[in-house]
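Step one of this worksheet: look at the structure below.
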Amino acid sequence: MTKEELAENEKINLKLILVSGRTREFQFSPSTSAAEVCQYVFDNWPKEWEEEQVGSSSLLKLIYHGRFLHGSVTLSALALPVGKTTVMHLVTRENLPEPNSSDNLKKSKSRSCCHCCLS
């Protein structure tokens, strides 16, 4: 096995899905935090996502297993498999319900974010 193959096997492959359904895969070290993932994606925003680009990485949030990830949580703390692909949703804060609106919160809890969560 070459050094490149070994290094690639030590990375976590994240397949990020936007609300629009567009996807893109990125590779990260297990020690990478959720905030660092968001910053990297923001700094390397794919051309095909241009219509959905935001003004700041702080507007980006990761969702894993239906939960928003705190910025300091690392990929290794989530026990993500190295060398395998893990799917996460990438959303902007602009798409989130108002925090002080309990009505919106109840509505958002009663339905899934997309079809992939229903299986």
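A short reminder: the numbers here are calculations on the coordinates, not readings from a lab. These figures come from a predicted structure and were not determined experimentally. Glycine gets a Cβ as well: all are built from the backbone with ideal geometry, and neighbour counts include every protein chain shown.
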Listed residue pairs exceeding 18 Å between alpha carbons, taken from Lys11/Lys47; Lys61/Lys84; Lys15/Lys47; Lys15/Lys61: Lys11/Lys47; Lys61/Lys84
Pairwise FRET efficiency - Arg93 versus Glu25, Cβ, R0 = 22 Å, nearest 0.05: 0.40
Order by protection proxy (mean Cβ within 10 Å, highest first), peptides 63-69, 36-42: 36-42, 63-69
Cβ-Cβ FRET estimate between Val54 and Ser76, R0 fixed at 25 Å, reported to 0.05: 0.40
